[in-house]
Amino acid sequence: MREYNIAAMIILALETATRAGSLALMVDGELSRAMAGDATRPHGARLPGELQQFAAVDGRTLRDVDVFAVVTGPGSFTGLRVGIAAVQGLALAGARPVIGIPTLDAMASGWMETHAGEVDCVAACLDGARDDVFYAMYDARVRREDGSLPPLFEARVATATMAASDIAAWPGGGRLAVIGNAGERFAAVFRDALPDAHVDWTMPNLAAAAATLAAGRLASAANPHALRPLYVRRPDAELARERQQRRAAEFFEVTAPADVGEVASLQARAFGNAWGAESLGGSQAQESVARLYAIRLPSGDIAAYCAAWRILDELHINSLAVDPRYRRQGLARRLLEQVLAASAAAGAASATLEVRQSNEAGRALYEGLGFRVEGVRPGYYQDPREDALILWKRRLDEGQRAEGKGQREGKG
């Protein structure tokens with residue numbers, strides 16, 4: 001493995017994850033210069049010429065660069081491809097190694113350069129367009145050897161509401177900073193979900209942060225062919241197919257014995273301590289109380305189910321699961337929205353459920369639909385033993401009216 005002396009080398013860093021992008025130059029271990037790009041021009045029109053011009057300001061050429069660093073995502077699909085391709089081409093031409101730096105790592109680390117000691121954790125939130133946010137959380141109390149912050153959870157993508165709920169549900173506590181450019185569109189969402197957080201929607205120069213992190217990761221410098229983008233969100237074509245599948249999926253109340261048996265099989269795949277067909281069938285025998293709902297795909301497969309009791313004007317959600325083959329397609333949210341709508345139409349005024357305290361994804365889903373934590377059942381769950389959080393949605397009819405309004409306005 002080649003050894004590098006940071007005190008006698010040049011690192012050129014490029015970031016194209018955002019619309020404007022950024023550039024930075026590190027010389028002999030010190031940040032020499034950094035600049036933001038021109039947001040009015042696409043990355044493909046500016047590169048690689050912009051890199052050559054940037055290096056030439058100090059009388060250097062790209063041949064003087066020892067290591068190239070590039071921000072690898074998440075971010076704009078097109079921007080990431082252009083940036084990585086530009087760096088790969090220059091590094092191959094000059095027989096230079098490259099270092100890839102994840103976007104949110106650079107964002108959190110760059111922000112902490114000027115806010116050390118002010119907070120305990122940082123949530124980096126990047127506007128992902130299409131009403132999505134890319135986000136991750138970091139421990140701000142320590143730095144790793146390369147200068148980066150240890151992640152509390154890795155990069156994710158969700159709607160702004162779900163992202164804010166996910167961050168709010170993090171059990172670590174302490175002083176929280178929420179940073180990034182997501183506030184340009186979603187400031188109110190994050191403010192409402194995280195009223196006690198320190199919010200800073202100014203963006204650090206990501207190329208400068210990437211250059212600093214790259215200086216601490218010289219041992220990981222690799223062949224340009226090794227660069228891989230970190231997309232987080234799946235390709236548009238795949239998402240379009242799934243949206244079409246969801247639109248064609250059928251929501252229905254399960255009554256036929258064969259469908260109850262298929263739900264039991266789904267439950268067994270989803271849970272280690274599943275109830276089984278006998279239990280589900282027994283619940284259905286109590287028609288005045290028990291309800292079992294499901295979503296069937298055009299292929300005929302039952303992809304998700306929800307078992308509940310409707311007692312007077314209260315809906316008690318007992319179990320909800322998505323077949324492992326069809327997860328991360330929005331089916332759980334769609335199913336629960338349909339269940340709540342059907343229950344409200346049948347006279348239910350409120351809904352409640354329990355969730356494991358450690359189930360961050362589940363809690364983000366429920367809180368994104370208006371549920372709020374109102375209590376705890378100590379030791380409720382077994383294998384492993386864990387407390388249950390009791391969530392309530394007190395105004396079920398109000399929530400459905402608001403959701404319907406959002407859909408009519410094109411926000412659903």
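Laid out as a table, the results:
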| quantity | calculated |
| --- | --- |
| Among residues of segment 174-216, those that are outside any helix (DSSP H, G or I) and either under 16 Å from Leu126 (Cα atoms) or in contact (Cβ under 8 Å) with a residue 12 or more places away in the chain (or both), counted | 21 |
| Candidate set from segment 359-399 (those that are in contact with a Gly (Cβ under 6 Å, 6 or more places away or on another chain) and basic (Lys, Arg)); member that is nearest to Gly347 (Cα to Cα) | Lys393 |
| Search result, residues across segment 128-156 that are buried (at least 23 other Cβ atoms within 10 Å of the Cβ) and outside any loop (DSSP other than H, G, I, E, B) | Val133, Phe134, Tyr135, Ala136, Met137, Tyr138 |
| Top-ranked residue in segment 320-376 [being out of contact with any Asp or Glu (no Cβ under 9 Å at 6 or more places or on another chain) and among the β-branched types (Val, Ile, Thr); ranked as farthest from Arg269 (Cα to Cα)] | Val339 |
| Count - residues of segment 327-383 that are among the hydroxyl-bearing types (Ser, Thr, Tyr) and surrounded by 21 or more Cβ atoms within 10 Å (Cβ to Cβ) | 2 |
| Residues located in segment 65-101, provided they are out of contact with any Gly (no Cβ under 7 Å at 6 or more places or on another chain), among the polar types (S, T, N, Q) and not in a loop (DSSP other than H, G, I, E, B) | Thr78, Gln88 |
| Unmet requirement for Gln52, which otherwise passes all of (1) under 30 Å from Ala136 (Cα atoms); (2) more than 28 Å from the chain's Cα centre (by Cα) | (1) |
| Any hit, segment 75-83, residues being buried (at least 23 other Cβ atoms within 10 Å of the Cβ) and without any contact (Cβ under 8 Å) to a residue 60 or more places away in the chain | yes |
| Check on Val119, part of a loop (DSSP other than H, G, I, E, B) and surrounded by fewer than 18 Cβ atoms within 10 Å (Cβ to Cβ) | no |
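Here's the yes/no breakdown for (1) in contact (Cβ under 8 Å) with a residue 12 or more places away in the chain; (2) in contact with a helix residue (DSSP H, G or I) (Cβ under 9 Å, 6 or more places away or on another chain); (3) closer than 23 Å to Leu126 by Cα:
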| residue | (1), (2), (3) |
| --- | --- |
| Ala13 | yes, yes, yes |
| Thr18 | yes, yes, yes |
| Gly37 | yes, yes, yes |
| Ala45 | no, no, no |
| Phe54 | yes, no, no |
| Arg63 | yes, yes, no |
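Each reported figure results from applying straightforward, stated rules to the coordinates on display, with no laboratory input. A quick note: this is a predicted structure, and the numbers were derived from the prediction, not measured. Glycine gets a Cβ as well: all are built from the backbone with ideal geometry, and neighbour counts include every protein chain shown.
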